[in-house]
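Structure, as structure tokens:
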Amino acid sequence: MESIKIQNVVVSTHVNVGFPLTKISEYYESVEYEPEAFPGLVVRLKDPNITALVFRSGTIVCVGSKTEKEALQGIRKIMDMIRKLGVKIPEKYKTKIENIVAVGNLGYDLDLETLAFRIEDSEYEPENFPGLICRLNEPKVSFLIFSSGSIVCVGGKKVSDARNGLALIEKKLKKYL
């Protein structure tokens with residue numbers, strides 16, 4: 001397989017502090033807040049290039065980063081923005097990787113219908129979705145596999161989950177070519 005590319009690292013954190021969403025939205029231009037449509041703030045940063053969902057409960061979910069480091073920088077920047085408004089946020093807080101999305105291309109076409117019959121824990125319903133869905137237990141990741149050879153890995157908690165999972169699924173696929 002060509003090299004895989006990390007597309008999205010989703011990281012969350014929670015602090016036991018209520019965030020004043022209206023005040024934050026009034027103070028910062030990079031923030032969208034429409035409580036009748038969505039209960040959180042949407043914060044878009046340019047550096048690092050991330051989007052974060054900020055909730056009144058003290059939870060922040062960062063999406064769109066290509067690395068864990070970028071996501072952590074984004075969360076830190078948002079915490080600093082909120083602190084500037086007088087909110088007492090602890091200096092230390094735990095973060096958790098919720099999901100890693102990686103993409104790759106096998107470099108060859110696949111017959112998904114045949115693979116669906118041969119690969120355990122796979123689903124293929126072309127009338128609902130054009131890809132074969134496969135799940136692995138170790139690492140615990142899922143794949144969207146397309147007839148063009150494109151492959152998407154979701155559900156990893158570490159970059160190595162995505163890399164190891166893609167190597168395993170490629171071995172499985174090659175058995176049936």
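No value in this document is a laboratory result; all are computed from the given coordinates. Only a predicted model underlies this, so the values are computations on that prediction, with no experimental measurement involved. All Cβ positions, even for glycine, are placed from backbone atoms using ideal geometry, and neighbour counts span all protein chains on display.
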Taking Lys92 as the anchor, which lysines have their alpha carbon closer than 17 Å to its alpha carbon, excluding any fewer than eight residues away along the same chain? Lys69, Lys77, Lys84
Mind sorting Lys157, Lys92 by how few other Cβ atoms lie within 10 Å of their own Cβ, fewest first? Lys92, Lys157
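Ratio to report: Rg/Rh of the stretch 69-177, with Cα atoms as the point set and Rh obtained by the Kirkwood method; give two decimals.
1.19
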Which residues' amide hydrogens lie under 5 Å from the amide hydrogen of Ser148, considering only partners 5 or more residues apart or on another chain, with H built in the peptide plane? Leu110
Less than 12 Å Cβ to Cβ from Ser30, Lys/Arg counted +1 and Asp/Glu -1: what total charge do the surrounding residues give? 0
Could you work out how far the C-alpha centroid of the stretch 77-116 sits from that of the stretch 1-51, in angstrom? 12
Largest-first principal axis extents of the Cα set of the stretch 1-121 (Å): 59, 31, 25
Just tell me which aspartates and glutamates come within less than 20 Å, Cα to Cα, of Lys96; anything on the same chain fewer than 8 places away is out. Glu68, Glu70, Asp80, Glu138, Asp161
Taking K and R as +1 and D and E as -1, what net charge do the other residues with C-beta under 12 Å from the C-beta of Lys77 add up to? +2
Likely footprinting exposure, Glu127, Glu98, Glu26, fewest C-beta neighbours within 10 Å first: Glu127, Glu26, Glu98
For the chain, averaging the sequence separation of alpha carbon pairs under 8 Å that lie six or more residues apart and dividing by its residue count, the contact order in percent is 23
